[in-house]
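Trainee: The structure under discussion is supplied below as structure tokens; questions concerning it will follow.
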Amino acid sequence: MKSKKILYIAALALLSATGCKKALDLQQKGVYNTDNYFRNQADAVNAITGIYSLLEGEDYIAHAETTFDVASDDYWRSGDHSEDEAIENLTYDASNAQVNYSWRWKYETVNRSTNCILNIPKITQIDAAIKTRSMGEAYFFRAFGYWRLMVIYGDVPIITEDDYSKQNFNVPKSPIEEVRKQIESDLKQAVSMLPESYGPADRGRVSKGTALGFLTKLYMYWEKFPEAIATGNQVISNANYALAANYQDNFTRANESSKEILLSIQAIQNVIMNDFTVYYIPRPWGGYGFSQPLQGLANEFEANDSRKKATLLAVGDTIDIGLATTRTSVFTADLSATGFAFRKYAVFNPPNGDQDGGVDHTFAVPLMRSADIYLLVAEALIRTKGAGAGDALINQIRHRASPLLKPVAGAGMKELIHERRMELAGEGERHQDLMRWDKDKIVDIAAIYNSPVSKAPIDKNKNVVFVRPKHYYYPIPQVEIDKSKGVLKQNPNF
């Protein structure tokens, strides 16, 4: 491609994915275009690393993407962002700031990935294995960008490689079926090119298991249950993606050793920092205090379920917040309007001498875990073979949580829905799960969202109006429609 498309490569770009992860130290590479870049192996690796670095963006994953789950019954938005309140209350429109942020970053992921797909094959000074791996990474991240676009907006533009060669970026939306096919194609390419695991020097990259995991999620949203079972079983049966011994191991400073984490965000303290956790940590502890868990979530946990303690902080609980003067702090009622905070994201550095440690900006935030795939396969089995077909997988997740939890027997969708909520609380899955189940009349999302335990005390009198099918997808940002000069059409009912 001979265009002058600019590539921005981070000075210290970051990696996220399976196993033990670390950031790659890179020298500043400057600003290039596709005529003078992509010369050798280092250029290919650095360009791929520049795709990973996007996950650090505060207006991408750290805040904007997670905001799309605040409508769920798991937590209250808190904070002072009116755009978040509108998303939580389903009163948003096409001018909503979060709706706008999200679009740009996902297409930047598609952009950088496609540039690599077009140009890395031309490089001759590159090891064949690294070339194949780099192409797999690029195909995965292009699929990831389109996946998030599809889940949030539904029908979206597909920018083809031919469009890139012609610099034609103003194209109309493609039907969601075509978007799914694009994601499927890219993920299959990624599966064929990515290694199952990495050695210490390359830990932190997406693996074959990462691509298989997202392919499983795609098939579940597509309601292709046999395909979801087939791809999901390839994750479940592979020791490289085994569940962590303890649930809480996925949410500690040492979680880089967890094989269960298939995709995560990473950072380097005081260099390029991950702001994801800051939104979940109370303000007096150095955070913003957004996304406060609700009483209904706390009530849902069974007795003896250790995930409750690992997931939630309740009034009276103690936690080490890295103070030099005292190693524990008490969670008090004034730290949250709901009485809870997410312990799984309250991760702090230990003190250094007489200096406080503070919020850990290097914590590897899980974006997808093997446990998610276990439960998706269990769901697909229940929905194809009936109650009880997913018992073995559900019980593996429950036994890992606590041997004291009673095993399920003859579990149907009610039990599966409960288990996904407990296992994945606060991990951005709940709202989308409820919406796909509502489409199939498995749940009544409107009734759930208007339950008293689904509201914060400050919002106890609000009435959420869920309009079908309008609220199954968000509006296309109005600013993008305006820029397209009529090529992009708004989603129905907005």
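Trainee: Do we find a residue being β-branched (Val, Ile, Thr), closer than 28 Å to Ala392 by Cα, buried (at least 20 other Cβ atoms within 10 Å of the Cβ) and under 21 Å from the mean Cα position of the chain (by Cα) anywhere in the range 175-196?
Mentor: The answer is yes, given that some residue of the range 175-196 is β-branched (Val, Ile, Thr), closer than 28 Å to Ala392 by Cα, buried (at least 20 other Cβ atoms within 10 Å of the Cβ) and under 21 Å from the mean Cα position of the chain (by Cα).
Trainee: Please indicate, with yes or no, whether at least one residue in the range 420-433 is more than 16 Å from the chain's Cα centre (by Cα) and surrounded by fewer than 23 Cβ atoms within 10 Å (Cβ to Cβ).
Mentor: For the range 420-433, residues more than 16 Å from the chain's Cα centre (by Cα) and surrounded by fewer than 23 Cβ atoms within 10 Å (Cβ to Cβ): present.
Trainee: Just to be sure, is Thr362 part of a loop (DSSP other than H, G, I, E, B), among the polar types (S, T, N, Q) and in contact (Cβ under 8 Å) with a residue 40 or more places away in the chain? Break it down stepwise before answering.
Mentor: Details: part of a loop (DSSP other than H, G, I, E, B): yes; among the polar types (S, T, N, Q): yes; in contact (Cβ under 8 Å) with a residue 40 or more places away in the chain: yes.
Answer is yes for this residue.
Trainee: Looking at Val171, Val156, which one is assigned by TED's automatic domain parsing to the domain that holds Leu215, surrounded by fewer than 20 Cβ atoms within 10 Å (Cβ to Cβ) and hydrophobic (A, V, I, L, M, F, W, C)?
Mentor: The conditions single out Val171.
Trainee: Follow-up. Taking Phe169 as meeting all but one of (1) touching a residue at least 24 places away in the same chain (Cβ under 8 Å); (2) in a loop (DSSP other than H, G, I, E, B); (3) closer than 21 Å to Val487 by Cα, write down the number of the exception.
Mentor: So Phe169 meets the others, but not (1).
Trainee: Please tell me if Val171 is among the β-branched types (Val, Ile, Thr) and farther than 28 Å from Phe342 by Cα. Show your work before the answer.
Mentor: Working: among the β-branched types (Val, Ile, Thr): yes; farther than 28 Å from Phe342 by Cα: yes.
Yes: the conditions hold for Val171.
Trainee: For the range 395-494, which fully contained helices (runs of 4 or more DSSP H) count at least 1 residues that are touching a Lys or Arg at 6+ places or on another chain (Cβ under 7 Å)?
Mentor: Counting at least 1 such residues, we get 413-424, 430-439.
One line per residue, one yes/no per condition, for (1) among the aliphatic types (A, V, I, L, M); (2) surrounded by fewer than 18 Cβ atoms within 10 Å (Cβ to Cβ); (3) part of a helix (DSSP H, G or I); (4) touching a His at 6+ places or on another chain (Cβ under 7 Å):
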position	(1), (2), (3), (4)
Glu227	no, yes, yes, no
Thr231	no, no, yes, no
Glu256	no, no, yes, no
Lys259	no, no, no, no
Lys309	no, yes, yes, no
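Trainee: Does Glu137 satisfy being closer than 28 Å to Pro195 by Cα, of a type in the set (Asp, Glu) and free of Cβ contacts under 8 Å to residues at least 60 places away in the same chain? Let's see the steps before the verdict.
Mentor: Details: closer than 28 Å to Pro195 by Cα: yes; of a type in the set (Asp, Glu): yes; free of Cβ contacts under 8 Å to residues at least 60 places away in the same chain: no.
So Glu137 fails the test.
The values are calculated or read from the model by the stated rules, or taken from the named source; none is laboratory data. The model shown is predicted, which means the values in this text are computed figures rather than measured ones. Here Cβ is always computed from backbone atoms with ideal geometry, including for glycine, and neighbour counts include all displayed protein chains.
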